[in-house]
Amino acid sequence: MAPSAKHSAGRKAYLNARLIDPAQGLDEKGGLLIEDGWILAAGPKVTAQSAGAGTTTFDCKGRILVPGLIDMRVFTGEPGNEYRETLATASEAAAAGGITTMIVMPNTNPVIDDAAIVDFILRRARDTAIVRVAPMAALTKGLGGELMTEIGTLQEAGAVAVTDGNKSVANARLFRRALAYAKDFDMLVVQHAEEPTLATGVMNASETASRLGLSGTLAVSEVIMIERDLRLVEATGARYHVSQVSCRMSVEVIRAAKARGLPVTCGVSVNHLVLNENDIGAYRTFFKLSPPLRAEDDRRALVEGVLDGTIDVIVSSHDPQSADTKRLPFAEAEFGAIGLETLFSASLSVHHNDGVPLTRLIDALSTKPAQILGLEAGRLAPGAPADFTLADIQQSWTVEDHVLRSRSKNSPFEHRTLEGRVLETVVAGRTVYAYDPAG
(Lines give C-alpha, C1' and ligand atoms only; values in the text may rest on other atoms or scores of the structure.)
Protein backbone atom coordinates (compact mmCIF):
# COMPACT_ATOMS: atom_id res chain seq x y z
CA MET A 1 0.00 0.00 0.00
CA ALA A 2 1.22 3.52 -0.79
CA PRO A 3 -0.44 6.83 -0.01
CA SER A 4 -1.65 8.60 -3.13
CA ALA A 5 0.26 11.30 -4.99
CA LYS A 6 -0.11 13.21 -8.24
CA HIS A 7 2.07 11.47 -10.83
CA SER A 8 4.24 13.38 -13.26
CA ALA A 9 4.20 12.43 -16.92
CA GLY A 10 7.32 12.18 -19.03
CA ARG A 11 10.60 10.32 -19.07
CA LYS A 12 13.47 11.69 -16.97
CA ALA A 13 16.98 10.53 -16.17
CA TYR A 14 19.02 11.66 -13.17
CA LEU A 15 22.63 10.99 -14.14
CA ASN A 16 26.06 11.03 -12.47
CA ALA A 17 24.64 10.44 -8.98
CA ARG A 18 25.88 8.44 -6.03
CA LEU A 19 22.95 6.05 -5.69
CA ILE A 20 22.30 4.69 -2.20
CA ASP A 21 19.56 2.08 -1.82
CA PRO A 22 19.88 -0.13 1.27
CA ALA A 23 17.03 -2.36 0.07
CA GLN A 24 19.23 -3.52 -2.82
CA GLY A 25 22.61 -3.09 -1.12
CA LEU A 26 23.34 -0.37 -3.65
CA ASP A 27 25.97 2.33 -3.11
CA GLU A 28 27.59 3.24 -6.41
CA LYS A 29 27.79 5.84 -9.12
CA GLY A 30 24.98 5.66 -11.64
CA GLY A 31 21.69 7.05 -12.79
CA LEU A 32 17.97 6.81 -12.17
CA LEU A 33 15.46 6.53 -15.00
CA ILE A 34 11.82 7.37 -14.28
CA GLU A 35 8.64 7.68 -16.31
CA ASP A 36 5.08 8.65 -15.40
CA GLY A 37 5.82 8.60 -11.69
CA TRP A 38 7.56 5.20 -11.55
CA ILE A 39 11.16 4.02 -11.53
CA LEU A 40 12.21 2.21 -14.70
CA ALA A 41 15.87 1.53 -13.91
CA ALA A 42 18.64 2.44 -11.49
CA GLY A 43 22.37 1.80 -11.53
CA PRO A 44 25.54 2.32 -13.56
CA LYS A 45 23.84 1.23 -16.80
CA VAL A 46 21.55 4.27 -16.76
CA THR A 47 23.30 6.80 -19.01
CA ALA A 48 22.27 9.58 -21.36
CA GLN A 49 22.62 7.12 -24.24
CA SER A 50 20.63 4.30 -22.64
CA ALA A 51 17.87 6.67 -21.52
CA GLY A 52 16.87 7.23 -25.13
CA ALA A 53 15.77 10.16 -27.25
CA GLY A 54 13.20 12.49 -25.76
CA THR A 55 14.35 11.87 -22.19
CA THR A 56 14.90 14.93 -20.02
CA THR A 57 18.27 14.55 -18.28
CA PHE A 58 19.67 16.06 -15.08
CA ASP A 59 23.33 16.04 -14.01
CA CYS A 60 23.54 15.23 -10.29
CA LYS A 61 27.26 16.09 -10.20
CA GLY A 62 28.15 13.20 -7.90
CA ARG A 63 25.69 14.08 -5.15
CA ILE A 64 23.76 11.39 -3.32
CA LEU A 65 20.40 10.23 -4.61
CA VAL A 66 18.43 8.17 -2.11
CA PRO A 67 14.89 6.83 -1.64
CA GLY A 68 12.62 9.55 -0.31
CA LEU A 69 12.58 9.79 3.47
CA ILE A 70 9.60 8.34 5.37
CA ASP A 71 8.98 10.07 8.69
CA MET A 72 7.09 7.79 11.08
CA ARG A 73 6.26 10.41 13.73
CA VAL A 74 4.70 13.68 12.59
CA PHE A 75 2.23 15.74 14.61
CA THR A 76 0.19 18.39 12.81
CA GLY A 77 -2.54 20.74 13.95
CA GLU A 78 -5.08 19.61 11.36
CA PRO A 79 -7.85 19.20 12.17
CA GLY A 80 -8.50 21.46 15.15
CA ASN A 81 -5.29 23.42 15.72
CA GLU A 82 -4.37 24.69 12.29
CA TYR A 83 -2.64 27.73 13.79
CA ARG A 84 0.18 25.33 14.78
CA GLU A 85 0.45 23.43 11.49
CA THR A 86 -1.71 22.29 8.60
CA LEU A 87 -1.19 19.27 6.39
CA ALA A 88 -0.23 21.70 3.63
CA THR A 89 2.41 23.60 5.63
CA ALA A 90 3.76 20.39 7.14
CA SER A 91 4.10 18.88 3.67
CA GLU A 92 6.01 21.93 2.42
CA ALA A 93 8.39 21.60 5.37
CA ALA A 94 8.69 17.87 4.75
CA ALA A 95 9.53 18.36 1.09
CA ALA A 96 12.25 20.86 2.02
CA GLY A 97 13.67 18.20 4.34
CA GLY A 98 13.74 15.43 1.74
CA ILE A 99 10.70 13.66 3.19
CA THR A 100 8.34 12.13 0.63
CA THR A 101 5.96 10.39 3.06
CA MET A 102 4.67 11.75 6.37
CA ILE A 103 3.07 9.37 8.86
CA VAL A 104 0.79 11.62 10.90
CA MET A 105 -0.19 11.00 14.51
CA PRO A 106 -3.82 10.84 15.73
CA ASN A 107 -3.43 13.63 18.33
CA THR A 108 -5.76 16.04 16.57
CA ASN A 109 -9.12 17.62 17.38
CA PRO A 110 -11.16 15.58 16.74
CA VAL A 111 -8.90 12.61 17.40
CA ILE A 112 -8.28 10.24 14.49
CA ASP A 113 -10.22 7.43 16.14
CA ASP A 114 -12.82 6.44 13.56
CA ALA A 115 -12.92 5.65 9.86
CA ALA A 116 -14.55 8.94 8.87
CA ILE A 117 -11.67 10.97 10.29
CA VAL A 118 -9.09 8.68 8.66
CA ASP A 119 -10.90 9.31 5.37
CA PHE A 120 -10.91 13.07 6.04
CA ILE A 121 -7.13 13.08 6.59
CA LEU A 122 -6.52 11.14 3.38
CA ARG A 123 -8.85 13.36 1.32
CA ARG A 124 -7.45 16.54 2.83
CA ALA A 125 -3.91 15.37 2.12
CA ARG A 126 -4.78 14.59 -1.50
CA ASP A 127 -6.18 18.10 -1.90
CA THR A 128 -3.52 20.14 -0.08
CA ALA A 129 -0.30 18.21 0.61
CA ILE A 130 2.63 17.99 -1.79
CA VAL A 131 4.06 14.81 -0.24
CA ARG A 132 2.38 11.51 0.57
CA VAL A 133 0.48 11.35 3.84
CA ALA A 134 -0.65 8.27 5.76
CA PRO A 135 -2.31 8.40 9.18
CA MET A 136 -1.80 6.33 12.28
CA ALA A 137 -5.15 5.97 14.03
CA ALA A 138 -5.78 6.14 17.76
CA LEU A 139 -5.55 2.91 19.73
CA THR A 140 -8.09 4.14 22.30
CA LYS A 141 -11.19 6.29 21.83
CA GLY A 142 -10.38 9.94 22.27
CA LEU A 143 -6.87 8.94 23.39
CA GLY A 144 -8.48 8.33 26.76
CA GLY A 145 -6.73 5.02 27.41
CA GLU A 146 -9.94 3.21 28.40
CA LEU A 147 -11.91 2.07 25.32
CA MET A 148 -10.26 0.36 22.37
CA THR A 149 -10.96 1.64 18.86
CA GLU A 150 -12.17 -0.56 15.98
CA ILE A 151 -8.77 -1.60 14.68
CA GLY A 152 -9.97 -3.55 11.64
CA THR A 153 -12.27 -0.75 10.48
CA LEU A 154 -9.51 1.82 10.88
CA GLN A 155 -7.11 -0.32 8.88
CA GLU A 156 -9.69 -0.75 6.12
CA ALA A 157 -10.14 3.03 6.01
CA GLY A 158 -6.41 3.52 5.41
CA ALA A 159 -4.69 3.75 8.80
CA VAL A 160 -1.22 2.19 8.70
CA ALA A 161 -0.91 1.57 12.47
CA VAL A 162 -2.61 2.27 15.79
CA THR A 163 -1.14 4.37 18.57
CA ASP A 164 -2.10 6.95 21.14
CA GLY A 165 0.64 9.18 19.76
CA ASN A 166 2.29 11.14 22.54
CA LYS A 167 0.25 9.38 25.22
CA SER A 168 1.17 6.02 26.72
CA VAL A 169 -1.43 3.27 27.00
CA ALA A 170 -1.03 2.51 30.70
CA ASN A 171 -3.94 0.05 31.06
CA ALA A 172 -2.20 -3.32 30.70
CA ARG A 173 -5.41 -5.30 30.25
CA LEU A 174 -6.60 -3.02 27.46
CA PHE A 175 -3.18 -3.00 25.81
CA ARG A 176 -3.08 -6.80 25.78
CA ARG A 177 -6.52 -6.90 24.14
CA ALA A 178 -5.39 -4.36 21.57
CA LEU A 179 -2.31 -6.42 20.74
CA ALA A 180 -4.44 -9.54 20.33
CA TYR A 181 -6.89 -7.78 18.00
CA ALA A 182 -4.08 -6.14 16.05
CA LYS A 183 -2.46 -9.55 15.53
CA ASP A 184 -5.62 -10.75 13.77
CA PHE A 185 -5.30 -7.89 11.26
CA ASP A 186 -1.47 -7.86 11.14
CA MET A 187 -1.74 -4.24 12.30
CA LEU A 188 1.27 -2.52 13.83
CA VAL A 189 0.82 -1.28 17.41
CA VAL A 190 2.94 1.76 18.29
CA GLN A 191 3.63 2.80 21.87
CA HIS A 192 4.92 6.04 23.40
CA ALA A 193 6.85 4.29 26.16
CA GLU A 194 6.58 6.27 29.39
CA GLU A 195 5.04 4.95 32.59
CA PRO A 196 2.78 7.96 33.29
CA THR A 197 2.96 7.93 37.09
CA LEU A 198 6.77 8.09 36.88
CA ALA A 199 7.12 10.40 33.88
CA THR A 200 6.08 13.56 35.69
CA GLY A 201 9.23 15.68 35.36
CA VAL A 202 10.10 18.31 32.78
CA MET A 203 13.60 17.04 31.91
CA ASN A 204 15.90 14.09 32.56
CA ALA A 205 16.42 13.27 36.24
CA SER A 206 20.09 14.13 36.74
CA GLU A 207 22.58 16.48 38.33
CA THR A 208 21.77 18.93 35.55
CA ALA A 209 18.10 18.97 36.56
CA SER A 210 19.07 19.53 40.19
CA ARG A 211 21.38 22.39 39.24
CA LEU A 212 18.64 24.02 37.17
CA GLY A 213 16.05 23.44 39.87
CA LEU A 214 13.80 21.47 37.51
CA SER A 215 11.84 18.29 38.19
CA GLY A 216 13.27 15.19 36.54
CA THR A 217 11.91 12.05 34.88
CA LEU A 218 13.95 8.89 35.40
CA ALA A 219 14.89 6.78 32.39
CA VAL A 220 13.43 3.78 34.19
CA SER A 221 9.95 5.19 33.46
CA GLU A 222 10.58 4.35 29.81
CA VAL A 223 12.17 0.97 30.41
CA ILE A 224 9.40 -0.27 32.72
CA MET A 225 6.78 0.38 30.03
CA ILE A 226 8.83 -1.34 27.34
CA GLU A 227 9.48 -4.39 29.53
CA ARG A 228 5.78 -4.69 30.37
CA ASP A 229 4.79 -4.39 26.73
CA LEU A 230 7.34 -6.98 25.61
CA ARG A 231 5.77 -9.53 27.96
CA LEU A 232 2.42 -8.86 26.32
CA VAL A 233 3.94 -9.07 22.84
CA GLU A 234 5.41 -12.43 23.79
CA ALA A 235 1.94 -13.59 24.86
CA THR A 236 0.13 -12.35 21.74
CA GLY A 237 2.67 -12.40 18.90
CA ALA A 238 1.54 -8.96 17.71
CA ARG A 239 3.85 -6.56 15.88
CA TYR A 240 5.00 -3.87 18.30
CA HIS A 241 6.94 -0.66 17.72
CA VAL A 242 8.38 1.68 20.34
CA SER A 243 7.93 5.10 18.78
CA GLN A 244 11.09 6.59 20.27
CA VAL A 245 13.64 5.33 22.74
CA SER A 246 15.86 7.72 24.66
CA CYS A 247 18.20 5.80 26.97
CA ARG A 248 20.82 3.04 27.10
CA MET A 249 18.62 0.69 29.14
CA SER A 250 15.86 0.75 26.53
CA VAL A 251 18.32 -0.07 23.74
CA GLU A 252 19.64 -3.01 25.74
CA VAL A 253 16.15 -4.35 26.50
CA ILE A 254 15.06 -4.13 22.86
CA ARG A 255 18.31 -5.67 21.64
CA ALA A 256 17.67 -8.66 23.91
CA ALA A 257 14.03 -8.91 22.77
CA LYS A 258 15.09 -9.02 19.14
CA ALA A 259 17.63 -11.72 19.96
CA ARG A 260 14.72 -13.76 21.35
CA GLY A 261 12.88 -13.35 18.07
CA LEU A 262 10.08 -11.07 19.27
CA PRO A 263 8.34 -9.01 16.53
CA VAL A 264 9.55 -5.69 17.93
CA THR A 265 10.95 -2.61 16.23
CA CYS A 266 11.78 0.83 17.54
CA GLY A 267 12.62 4.36 16.55
CA VAL A 268 14.63 7.27 17.87
CA SER A 269 14.09 10.97 17.30
CA VAL A 270 16.93 12.78 15.62
CA ASN A 271 16.87 15.15 18.60
CA HIS A 272 17.84 12.39 21.03
CA LEU A 273 20.40 11.05 18.56
CA VAL A 274 22.23 14.36 18.21
CA LEU A 275 21.50 16.35 21.39
CA ASN A 276 21.73 15.70 25.13
CA GLU A 277 20.44 17.23 28.35
CA ASN A 278 23.28 19.76 28.49
CA ASP A 279 21.85 21.48 25.42
CA ILE A 280 19.01 22.79 27.59
CA GLY A 281 21.57 25.28 28.90
CA ALA A 282 19.86 28.34 30.32
CA TYR A 283 16.33 26.91 30.33
CA ARG A 284 15.94 26.74 26.55
CA THR A 285 12.36 25.53 26.06
CA PHE A 286 12.87 24.39 22.46
CA PHE A 287 14.79 21.50 24.06
CA LYS A 288 11.86 20.48 26.28
CA LEU A 289 10.87 17.13 24.80
CA SER A 290 8.98 13.98 25.72
CA PRO A 291 10.79 11.73 26.45
CA PRO A 292 13.39 14.21 27.71
CA LEU A 293 16.89 14.58 26.33
CA ARG A 294 19.13 12.26 28.34
CA ALA A 295 22.81 12.11 29.30
CA GLU A 296 25.63 11.91 26.76
CA ASP A 297 26.16 8.23 27.64
CA ASP A 298 22.56 7.56 26.62
CA ARG A 299 23.04 9.47 23.37
CA ARG A 300 26.08 7.35 22.56
CA ALA A 301 24.05 4.21 23.26
CA LEU A 302 21.41 5.42 20.81
CA VAL A 303 24.07 5.88 18.13
CA GLU A 304 25.30 2.34 18.85
CA GLY A 305 21.72 1.14 18.52
CA VAL A 306 21.39 2.74 15.10
CA LEU A 307 24.75 1.29 14.05
CA ASP A 308 23.90 -2.32 14.91
CA GLY A 309 20.27 -2.12 13.79
CA THR A 310 18.71 -2.44 17.23
CA ILE A 311 17.10 0.93 16.49
CA ASP A 312 15.28 0.50 13.21
CA VAL A 313 14.17 4.02 12.28
CA ILE A 314 15.01 7.67 12.85
CA VAL A 315 12.09 10.12 13.10
CA SER A 316 11.70 13.87 13.33
CA SER A 317 9.03 13.70 16.06
CA HIS A 318 7.80 16.94 14.49
CA ASP A 319 5.59 18.60 17.10
CA PRO A 320 4.80 22.24 16.26
CA GLN A 321 4.06 24.58 19.16
CA SER A 322 3.18 28.26 19.09
CA ALA A 323 5.42 30.96 20.51
CA ASP A 324 2.85 31.52 23.26
CA THR A 325 3.35 27.98 24.58
CA LYS A 326 7.15 27.95 24.23
CA ARG A 327 8.19 31.46 25.30
CA LEU A 328 7.43 30.60 28.92
CA PRO A 329 9.42 29.48 31.97
CA PHE A 330 10.80 26.01 31.26
CA ALA A 331 8.51 24.19 33.71
CA GLU A 332 5.41 25.80 32.18
CA ALA A 333 6.30 25.49 28.48
CA GLU A 334 4.79 22.79 26.27
CA PHE A 335 6.79 19.74 25.24
CA GLY A 336 7.77 19.33 21.61
CA ALA A 337 9.95 20.56 18.75
CA ILE A 338 9.58 20.85 15.00
CA GLY A 339 11.87 18.72 12.88
CA LEU A 340 10.66 17.97 9.35
CA GLU A 341 13.07 20.35 7.65
CA THR A 342 16.06 19.33 9.78
CA LEU A 343 15.54 15.55 9.95
CA PHE A 344 17.95 14.67 7.14
CA SER A 345 20.60 17.31 7.82
CA ALA A 346 20.64 16.70 11.58
CA SER A 347 20.76 12.93 11.05
CA LEU A 348 23.87 13.41 8.93
CA SER A 349 25.61 14.59 12.10
CA VAL A 350 25.91 10.98 13.25
CA HIS A 351 27.50 10.13 9.89
CA HIS A 352 29.96 13.02 10.00
CA ASN A 353 30.72 12.85 13.74
CA ASP A 354 29.89 9.33 14.94
CA GLY A 355 30.77 7.18 11.95
CA VAL A 356 27.32 5.84 11.07
CA PRO A 357 27.53 4.70 7.41
CA LEU A 358 25.28 6.46 4.93
CA THR A 359 23.69 3.15 3.95
CA ARG A 360 22.57 2.52 7.55
CA LEU A 361 21.39 6.11 7.89
CA ILE A 362 19.23 5.92 4.76
CA ASP A 363 18.02 2.51 5.84
CA ALA A 364 16.74 4.06 9.08
CA LEU A 365 15.26 7.11 7.36
CA SER A 366 13.56 5.40 4.43
CA THR A 367 13.94 1.67 3.82
CA LYS A 368 13.08 0.35 7.29
CA PRO A 369 10.04 2.63 7.79
CA ALA A 370 8.66 1.41 4.46
CA GLN A 371 9.23 -2.22 5.41
CA ILE A 372 7.70 -1.84 8.88
CA LEU A 373 4.59 -0.11 7.50
CA GLY A 374 4.24 -2.19 4.36
CA LEU A 375 4.68 0.74 1.97
CA GLU A 376 5.85 0.41 -1.64
CA ALA A 377 8.34 3.23 -1.19
CA GLY A 378 11.80 3.23 0.39
CA ARG A 379 13.71 1.78 -2.57
CA LEU A 380 15.11 2.72 -5.96
CA ALA A 381 14.05 -0.48 -7.69
CA PRO A 382 12.27 -0.79 -11.04
CA GLY A 383 8.52 -0.67 -10.46
CA ALA A 384 8.79 1.35 -7.25
CA PRO A 385 7.24 4.82 -6.96
CA ALA A 386 9.57 7.57 -8.15
CA ASP A 387 9.96 9.07 -4.67
CA PHE A 388 13.53 10.17 -4.04
CA THR A 389 15.80 12.83 -2.60
CA LEU A 390 18.90 14.45 -4.06
CA ALA A 391 21.29 15.95 -1.51
CA ASP A 392 24.75 17.39 -1.01
CA ILE A 393 26.06 15.90 2.24
CA GLN A 394 28.87 18.46 2.50
CA GLN A 395 26.96 21.71 1.92
CA SER A 396 26.20 23.58 5.14
CA TRP A 397 23.25 25.75 6.06
CA THR A 398 22.12 27.57 9.18
CA VAL A 399 18.71 26.97 10.73
CA GLU A 400 16.89 30.29 11.13
CA ASP A 401 13.23 31.21 11.48
CA HIS A 402 12.99 32.88 8.10
CA VAL A 403 14.16 29.79 6.19
CA LEU A 404 11.78 27.37 7.92
CA ARG A 405 8.54 26.56 6.10
CA SER A 406 6.78 25.09 9.11
CA ARG A 407 4.04 27.31 10.51
CA SER A 408 5.64 26.97 13.96
CA LYS A 409 9.30 27.79 14.61
CA ASN A 410 10.20 25.79 17.74
CA SER A 411 13.33 24.13 16.36
CA PRO A 412 16.01 22.88 18.77
CA PHE A 413 18.51 23.48 15.97
CA GLU A 414 17.72 27.20 15.77
CA HIS A 415 20.89 29.20 14.89
CA ARG A 416 22.84 25.95 14.46
CA THR A 417 24.79 25.22 11.29
CA LEU A 418 24.09 21.75 9.88
CA GLU A 419 26.23 19.95 7.32
CA GLY A 420 24.15 18.47 4.51
CA ARG A 421 21.46 20.08 2.37
CA VAL A 422 18.53 18.67 0.44
CA LEU A 423 18.72 19.92 -3.15
CA GLU A 424 15.64 18.30 -4.66
CA THR A 425 12.72 16.20 -3.46
CA VAL A 426 10.66 14.20 -5.94
CA VAL A 427 7.29 12.54 -5.25
CA ALA A 428 5.73 10.31 -7.92
CA GLY A 429 8.15 11.74 -10.45
CA ARG A 430 7.18 15.34 -9.68
CA THR A 431 9.64 17.81 -8.14
CA VAL A 432 8.00 19.13 -4.97
CA TYR A 433 11.05 20.96 -3.68
CA ALA A 434 14.14 22.39 -5.36
CA TYR A 435 16.78 24.32 -3.46
CA ASP A 436 17.15 27.90 -4.63
CA PRO A 437 20.54 29.40 -3.64
CA ALA A 438 19.01 32.86 -4.05
CA GLY A 439 16.52 32.06 -1.29
### Message
Can you tell me which residue is farthest from the chain's Cα centre (by Cα) among those in the range 285-324 that are under 28 Å from residue 82 (Cβ atoms) and among the acidic types (Asp, Glu)?
### Response
324
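In this structure, does residue 193 turn out to be surrounded by fewer than 17 Cβ atoms within 10 Å (Cβ to Cβ), assigned to a loop (DSSP other than H, G, I, E, B) and of a type outside the set (S, T, N, Q)?
Numbers: surrounded by fewer than 17 Cβ atoms within 10 Å (Cβ to Cβ): no; assigned to a loop (DSSP other than H, G, I, E, B): yes; of a type outside the set (S, T, N, Q): yes.
So residue 193 fails the test.
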### Message
If I ask for residues that are among the small types (Gly, Ala, Ser), surrounded by fewer than 22 Cβ atoms within 10 Å (Cβ to Cβ) and outside any helix (DSSP H, G or I), which ones from the range 254-267 would you list?
### Response
261
### Task
Report whether or not residue 391 is buried (at least 16 other Cβ atoms within 10 Å of the Cβ) and not polar (S, T, N, Q).
yes
### Task
May I ask you to list pairs of residues, at least six apart or on different chains, whose Cβ atoms are under 6 Å apart, with the first in the range 276-303 being more than 22 Å from residue 200 (Cβ to Cβ) and the second being aliphatic (A, V, I, L, M)?
301/251; 302/268; 302/273; 303/350
### Query
strands (runs of 3 or more DSSP E) wholly in the range 345-439 with at least 2 residues that are more than 19 Å from residue 92 (Cα to Cα) - which ones?
388-398, 417-427
### Query
Could you say whether any residue in the range 237-253 is crowded, with 22+ Cβ neighbours inside 10 Å, within 25 Å of residue 411 (Cα to Cα), in contact (Cβ under 8 Å) with a residue 60 or more places away in the chain and not β-branched (Val, Ile, Thr)?
yes
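Rundown of residues vs (1) acidic (Asp, Glu); (2) crowded, with 16+ Cβ neighbours inside 10 Å; (3) under 30 Å from residue 409 (Cβ atoms); (4) modelled with pLDDT of 95 or more, yes/no style:
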| residue | (1), (2), (3), (4) |
| --- | --- |
| 56 | no, no, no, yes |
| 59 | yes, no, no, yes |
| 70 | no, yes, yes, yes |
| 90 | no, yes, yes, yes |
### Query
Is it fair to say residue 273 is crowded, with 22+ Cβ neighbours inside 10 Å and closer than 23 Å to residue 220 by Cα?
yes
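Here are some residues: 121, 130, 103, 117. Which one is under 24 Å from the mean Cα position of the chain (by Cα), in a loop (DSSP other than H, G, I, E, B) and aliphatic (A, V, I, L, M)? Outline the logic, then answer.
Numbers: 121 fails: in a loop (DSSP other than H, G, I, E, B); 103 fails: in a loop (DSSP other than H, G, I, E, B); 117 fails: in a loop (DSSP other than H, G, I, E, B).
It is 130.
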### Message
Return the residues of the range 235-253 that are farther than 23 Å from residue 218 by Cβ, aliphatic (A, V, I, L, M) and assigned to a loop (DSSP other than H, G, I, E, B); say none if nothing qualifies.
### Response
238
#### Entry: The one condition in (1) closer than 24 Å to residue 338 by Cβ; (2) within 25 Å of the chain's Cα centre (by Cα) that residue 225 fails to fulfil
(1)
### Task
Would you point out which residue out of 293, 328, 302, 289 is under 25 Å from residue 226 (Cα atoms) and either out of contact with any Leu (no Cβ under 8 Å at 6 or more places or on another chain) or at pLDDT below 95 (or both)?
289
### Message
Yes or no: the range 133-146 includes at least one residue that is part of a helix (DSSP H, G or I), surrounded by 18 or more Cβ atoms within 10 Å (Cβ to Cβ), at negative phi and without any contact (Cβ under 8 Å) to a residue 60 or more places away in the chain.
### Response
no
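Taking the condition in contact (Cβ under 8 Å) with a residue 40 or more places away in the chain and β-branched (Val, Ile, Thr), does residue 190 pass? Full working, then the answer.
Numbers: in contact (Cβ under 8 Å) with a residue 40 or more places away in the chain: yes; β-branched (Val, Ile, Thr): yes.
In short, yes.
Which residues, counting only those in the range 43-62, are over 23 Å from residue 23 (Cα atoms) and not in a helix (DSSP H, G or I)? Break it down stepwise before answering.
To start, the set of residues in the range 43-62 that are over 23 Å from residue 23 (Cα atoms) comprises 48-59, 61.
Matches in the range 43-62: 52, 53, 54, 55, 56, 57, 58, 59, 61.
The values are calculated or read from the model by the stated rules, or taken from the named source; none is laboratory data. These numbers were taken from a predicted model, which means no experiment stands behind them. Cβ: placed from backbone, ideal geometry, glycine included. Neighbour counts: every protein chain shown.
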